[in-house]
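*Asks:* There's a structure below that I have some questions on.
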Amino acid sequence: VTDRSSCANCTIEIDSIATLGDTDGAGSLSGRPATVRVDALGRFWVLDGRQPPMVFRPDGSFLQRVGTRGQGPGEFLEPSDAIPLPGDSVLVVDNAARRATVVTHELRPARMVRLPARFGDRSVVIQWPRTVLVTALIPTPDAAGWPLHLVSFTADVARPLIHFGPDSGALRPDRMPDAFLQRLTPARNGGAWTADRASYRLTLWNPDASKARTIVRQSTWFVEEFEMGLGSPARPPPSRVAAISEDAQGRLWVFVNVAGKKWRDAWPNLPPGGREVPLGTLDLDKLHDGVVDVIDPQLGQVVATGSIDGQIIAALPNGRAATYALDKDDIPRIRILSLRIVRR
C-alpha cells in the first residue's frame with residue numbers, strides 16, 4: 001500500500017469531545033499513561049502502570065480510582081490494561097502482581113486469575129473466557145520467541161493454548177523480542193488485526209490463530225527503525241505504530257506517532273564533547289505528534305491521512321482515539337477525539 005489515495009477529496013475531520021485529567025487532586029494525571037480503555041458504560045479507564053486504575057465518566061469528569069495499591073484482593077501494583085468483557089465487567093491486568101482481576105460495573109473485584117507471564121497493554125477477547133489474544137514473553141520452549149498467544153481464562157491460572165506471530169518465532173540476538181512490539185484490535189471476522197510497532201505491517205488473524213492476510217504499507221513519512229531508540233539532538237525519533245482499529249465498513253484506522261514539530265526542543269543542550277544525555281533530562285512530551293492513516297484493505301489503498309496534535313495513546317470504539325499532551329500550563333491531559341472521513 002503506497003501513499004496513493006483512493007479518495008482524493010477525502011479528509012479526516014477531528015473533534016475533541018472530552019478531556020481527562022484534573023489540574024490537581026485525585027483526578028490529576030502523573031504523566032503519560034500506558035493505555036486508555038472504554039467500558040460498556042462509556043467510562044474511560046486510564047492505566048499508567050504505576051497506580052490503581054483511574055475511571056472517568058463519559059463527559060471526562062473524574063469518577064474514582066479502582067482499589068488501592070497493594071497485593072491483596074482489590075489491590076494493584078502495576079495495572080497495565082483494562083480489557084472490556086462481554087456484559088459490563090472489565091479484566092484488569094496487573095503484571096507486577098502476575099494476576100488479572102475481573103472488576104464489576106460497580107468497580108468491585110469479583111474474581112482473580114494468575115498469569116503465566118507479563119502481558120502487553122492491549123489484549124483482545126476472542127471468546128470469553130475460553131480465548132483471549134495477548135502479547136507476552138512466555139519463557140517456555142514452545143512459546144519463547146512468539147509474540148502472540150491465545151490464552152484461556154477458564155481456570156484460576158490463565159493457560160496459554162496457541163503461540164504464533166507474523167514471523168518465524170526465532171529469537172535473534174540483534175533484536176529485542178517482539179512481544180511488546182505488536183498492537184492489537186478486534187477484527188470483523190471474529191479474529192484480530194495486529195500491527196508491528198516499529199514497522200508498518202498489518203496482519204489479519206482468524207479466530208483459530210491462522211493467518212488470513214498481510215498488508216505492508218510503504219510511506220514516505222514513516223521512519224522505520226527496529227531498535228527502540230529515541231533519536232538524537234540531530235536525528236528525529238523513529239515512527240511508532242501506537243494503535244489500530246477496524247471500523248464498521250472494514251477500513252483500518254492506523255495511528256502512528258511520528259517526529260513532533262518540536263522534537264529538537266526535547267533534547268537538552270550538550271556540553272562541549274558530550275555524547276550522552278540522561279533520560280530524565282529529555283522532554284519526552286515534545287518528541288512525537290500523531291498521524292492517522294485510513295486504509296481500505298479490499299482495495300489495498302489509502303483512503304485519507306491526517307495529523308493529530310499530541311502523542312497517540314489508544315484507539316477507542318466508535319471512531320475515537322485518545323491522545324496525551326501537556327496543556328499551556330504544563331498540566332498532563334488526555335484528549336478524547338472523534339474522527340470521521342469527510343468527502344469535500
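The values are calculated or read from the model by the stated rules, or taken from the named source; none is laboratory data. Everything numeric here is computed off the predicted structure, so don't read it as measured data. Here Cβ is always computed from backbone atoms with ideal geometry, including for glycine, and neighbour counts include all displayed protein chains. Calculation scope for accessible area: heavy atoms of the full protein, side chains included, ligands and nucleic acids excluded. Shrake-Rupley method; radii C 1.70, N 1.55, O 1.52, S 1.80 Å.
*Asks:* Does D330 satisfy the criteria of being open to solvent by 50 Å² or more (accessible area, probe 1.4 Å) and in contact with an Asp or Glu (Cβ under 8 Å, 6 or more places away or on another chain)?
*Replies:* The answer is no for D330.
*Asks:* So, one more: Taking R118 and the conditions (1) within 30 Å of G229 (Cβ to Cβ); (2) of a type in the set (K, R); (3) touching a residue at least 24 places away in the same chain (Cβ under 8 Å), which numbered condition does it fall short on, given that it satisfies the others?
*Replies:* Unmet condition: (3).
*Asks:* Filtering the stretch 249-259 down to residues that are open to solvent by 30 Å² or more (accessible area, probe 1.4 Å) and without any contact (Cβ under 8 Å) to a residue 40 or more places away in the chain, which residue is farthest from V294 (Cα to Cα)?
*Replies:* Top of the filtered list is A259.
*Asks:* Does at least one position in the stretch 112-133 carry a residue that is of a type in the set (D, E) and in a strand (DSSP E or B)?
*Replies:* For the stretch 112-133, residues of a type in the set (D, E) and in a strand (DSSP E or B): absent.
*Asks:* Then there's this: Does at least one position in the stretch 45-60 carry a residue that is in contact (Cβ under 8 Å) with a residue 24 or more places away in the chain and small (G, A, S)?
*Replies:* Yes.
*Asks:* What number of residues within the stretch 220-269 satisfy the criterion of being more than 25 Å from S5 (Cβ to Cβ) and either not in a loop (DSSP other than H, G, I, E, B) or not polar (S, T, N, Q) (or both)?
*Replies:* 19
*Asks:* Out of all the residues in the stretch 308-327, which are farther than 16 Å from W253 by Cβ and open to solvent by less than 30 Å² (accessible area, probe 1.4 Å)?
*Replies:* Result: G310, Q311, Y324.
*Asks:* Ok, one more. Just give me the residues in the stretch 47-63 being open to solvent by 40 Å² or more (accessible area, probe 1.4 Å) and among the acidic types (D, E), in sequence order.
*Replies:* D59
*Asks:* For the structure I just gave you, tell me whether R240 is in contact (Cβ under 8 Å) with a residue 24 or more places away in the chain, basic (K, R) and open to solvent by less than 40 Å² (accessible area, probe 1.4 Å).
*Replies:* Taking the combined requirement at face value, the residue satisfies it.
*Asks:* Failed condition for G74, given (1) open to solvent by less than 50 Å² (accessible area, probe 1.4 Å); (2) at pLDDT below 95; (3) out of contact with any Gly (no Cβ under 6 Å at 6 or more places or on another chain), with all others met?
*Replies:* (3)
*Asks:* Residues in the stretch 199-219 that are in contact with a Leu (Cβ under 6 Å, 6 or more places away or on another chain) and either open to solvent by less than 60 Å² (accessible area, probe 1.4 Å) or in a loop (DSSP other than H, G, I, E, B) (or both): how many?
*Replies:* Adding up the residues that qualify gives 3.
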